Structure formats: structure tokens, C-alpha cells
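Some notes on the structure that comes next.
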Amino acid sequence: MATWTRFEELDAWKKARELNKRVYRLTRQPPMSKDYGLCDQMRRSSLSVMCNIAEGFERGSRNEFIQFLGYAKGSAGEVRAQLVAASDAPYIDEATFEEMTALAVQVGQVIAGLIRYLQRSGIRGPRHHTFADAE
């Protein structure tokens, strides 16, 4: 069985990073870039997905990791809601909306799978030993 020794090895974190990069790219484009409030909130939400995965992993216990993964999944949902707002504005076209929403959904699904795995596993986290790889 493989193990994770760094959060950067997690597929969930890698997918969250991709979402964050895409959100930053999207929010730099006019006319959306002029809506400072929405752009800032989307950036914060997408960054929160990555950061909560990292923070939870580094906490060192399974229960804390699961808790922070829940926060990360919630932030991925927040990005989806903000994409709806961007589409309604309308700052983004339907194709961009569909593509970005699909990525945010995928991030949430990967995080949910990791949560399920951790809930069923007997591992307790790196305070005790490394997290076993479920991805």
C-alpha cells in the first residue's frame, strides 16, 4: 500500500490547485475582472479548497483531516455558486460556465471520496504513521 507523506501528493489537492489556477485565469478576463467583489470572493473560495486540504493534512489526525476536507468541499460548492453568479451577470459564456462547473464538481467528488476512504480506514494520521493512499 502506498502512503502520502505530503499533501502535494494528494489527487484532491492537485485537482483543487487546477481549479484555483483556472479561477485566477478567469477572473483576470474582462468584463469579469471589473467586478472586484465577485473576483475576490471566487479567488478566496478556490484558494480555500487547496488550503483546507493542506491544513487538514498537516494537522496530523484523521478526524481533523476529515473536518478540513469538509471545509474544502464546501468551498468547492461556493465556487460553483459564484460561477452561477458570473454566468447570470453575464460575465462568462455558457461553455465556460459548464467547463468550470464540471471542474468544481469533480474537485468536490474527489474530496468526498477521500473523506469516505478516511472514515472507513483504520489509519489515524501521521501523528501515528503516514496516511495510506486511497486515490
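The values are calculated or read from the model by the stated rules, or taken from the named source; none is laboratory data. Please read these numbers as outputs of a predicted model, since none were measured by experiment. Here the Cβ positions follow ideal geometry from the backbone for every residue, glycine too, while neighbour counts run over all protein chains shown. Protein only, heavy atoms only, side chains kept; ligands, DNA and RNA dropped before computing areas. Shrake-Rupley method; radii C 1.70, N 1.55, O 1.52, S 1.80 Å.
Below is a table of values for the structure above.
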item	result
Q119 vs. criteria under 26 Å from T3 (Cα atoms), out of contact with any Phe, Trp or Tyr (no Cβ under 8 Å at 6 or more places or on another chain) and modelled with pLDDT under 95	yes
Some residue of segment 116-123 being in a helix (DSSP H, G or I) and among the basic types (K, R)	yes
Some residue of segment 96-115 being open to solvent by less than 70 Å² (accessible area, probe 1.4 Å) and free of Cβ contacts under 8 Å to residues at least 12 places away in the same chain	yes
